[in-house]
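The values are calculated or read from the model by the stated rules, or taken from the named source; none is laboratory data. What you see is a predicted model; the values in this text were computed from it and never measured. Ideal geometry is used to build each Cβ from the backbone, glycine not excepted, and the neighbour counts take in all protein chains shown. Note: accessible area is taken over every heavy atom of the protein model, side chains too, but ligands, DNA and RNA are not part of it. Shrake-Rupley method; radii C 1.70, N 1.55, O 1.52, S 1.80 Å.
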Amino acid sequence: MAKASEKAAERTRFRPVGPKLDLPELEHRVLDLWEREQSFAALRKKNAGGPRFSFIDGPITANVEAMGVHSMWARTYKDLYQRYKAMLGYDQRYQNGFDCQGLWVEVQVERELNLNSKRDIETYGIAKFSEACRQRVDRSAVAITKHSIRMGQWMDWANSYYTYSDLNISHIWHVLKLVHEKGWLYKGHRSMPWCARCGTALSQHEMTMSDSYREMTHLSVYVRFPIDGKERQSFLVWTTTPWTLPANVSLAVNPELDYVRAKVGDEVLIVSEETFEQAKWPDAKVLETLKGSAFGAEDFALSKTEKLPVLVPIDEMARFVAGYGWLEGKEARDVAREIADDLQRRGLLFRAADYTHRYPECWRCHEEIVFRVADEWFISMDDLRPKLIDAAAKVTWLPPAAGRRMQNWLQNMGDWNISRKRYWGLPLPFYTCANG
């Protein structure tokens, strides 16, 4: 009985006393008070002429009808920091920003208009589509402003900046001009992660995002590459993307890896030691272990070093182009079984099996990506990387782990792909003359 009484007393101790507090009503009353007394304007007037503090707002994406909790959380931190500086007497800009351009806006507008590809956009009309994108951005900016004011954030809302403005675009063009003058801007012909639905390449940064990979099951194949002049001897290659094989022009091995020459049935196969161990062939016998040689960082990079022909088997929609026989017009991601059957008929297929692994997808539309050789514009990071690393080292990062993550990203970043081959984005002022 004593224990029951103690619990009852504990409940009573923490029971609210008096009328229930209506938090939304209290918030509205505070907002009304700030509006009547022009509190924000009075604060700015009080701090005018004080020491300057410039808060650079990373612009929120203007692509939502209502702000998510994660955005409100971030804006709360921003507001708290600016209020703290205001209490110390700092004169601040209080400029909010809206990130207006980019493929994420296009994807949402495509859904609204029931369009599913760049071809659909072109049929609908690029000008009409761009106007629809701008209208969505403007609606979103109004909604975000309303919700930010409702949550109590103080900003000079009438002076927000928009990335689609002529002023912003002209400043970015000026930066690109400086980059060009320093020799950092170039048009590269390279293998890129490619979204067939969106019809655009994905940058390295996009490929490292946490939601850019998901578990998928693909038909993987072990393919024989016969060795000239050696009866029933082959290199054995394993791939989870059989559609890439029709454009293959060479075979590379890694000098850092061990390879085995093994007797499997009535043939001899050369395969990486790791692959051989994973395969667990019951009748296999290792004849010798070898080291690889002549290997580049990437297949495409190696092809340039070795001056190999570059084949581009698929178009923007990931369909095989003319010249690839029975594959012409077929979608690359749909032909794994047909390619395996063709290899089987030609005596080149050693084995085919489903393989489940984490594979990249387009983080915007969640379509499985392909890898495609394309002409894209890049900013070289060779000269910029050490400057960025030095600058990041001088920043006070909170928490410190964020700084370590930034340093790791900068040290491993590749050249920056800035082109997208889409319609609602920052226009690139690049014009190629007849002489290239």
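Scanning the stretch 170-204 for residues that are among the charged types (D, E, K, R) and open to solvent by 60 Å² or more (accessible area, probe 1.4 Å) gives Lys177, Glu181, Lys182, Lys187, Arg190. Selection over the stretch 219-271 of residues that are open to solvent by 40 Å² or more (accessible area, probe 1.4 Å), of a type outside the set (A, V, I, L, M) and closer than 28 Å to Leu327 by Cα gives a count of 10.
Counting the residues of the stretch 362-384 that are crowded, with 16+ Cβ neighbours inside 10 Å, in a loop (DSSP other than H, G, I, E, B) and within 17 Å of the chain's Cα centre (by Cα) gives 5. If you go through the stretch 356-368 and keep only what is on the phi < 0 side of the Ramachandran plot and out of contact with any Phe, Trp or Tyr (no Cβ under 6 Å at 6 or more places or on another chain), you end up with Thr356, His357, Tyr359, Glu361, Cys362, Trp363, Cys365, Glu367, Glu368.
In this structure, Thr289 qualifies as at pLDDT 85 or above and under 18 Å from Gln233 (Cβ atoms). The one condition from (1) touching an Asp or Glu at 6+ places or on another chain (Cβ under 9 Å); (2) open to solvent by less than 70 Å² (accessible area, probe 1.4 Å); (3) in a loop (DSSP other than H, G, I, E, B) that Tyr359 does not meet is (3).
Only one of (1) closer than 27 Å to Pro226 by Cα; (2) acidic (Asp, Glu); (3) loosely packed, with under 11 Cβ neighbours inside 10 Å is not met by Asp341, so which one is it? Looking at each condition in turn, Asp341 falls short on (3). Only residues that are surrounded by 11 or more Cβ atoms within 10 Å (Cβ to Cβ) and acidic (Asp, Glu) were counted in the stretch 385-430, giving 1.
Filtered by the rule that a residue be more than 26 Å from the chain's Cα centre (by Cα), in a strand (DSSP E or B) and among the small types (Gly, Ala, Ser), the stretch 209-255 gives a lone residue, Ser234. Picking from residues in the stretch 153-162 that are of a type in the set (A, V, I, L, M, F, W, C) and assigned to a helix (DSSP H, G or I), the one that is surrounded by the most Cβ atoms within 10 Å (Cβ to Cβ) is Trp157.
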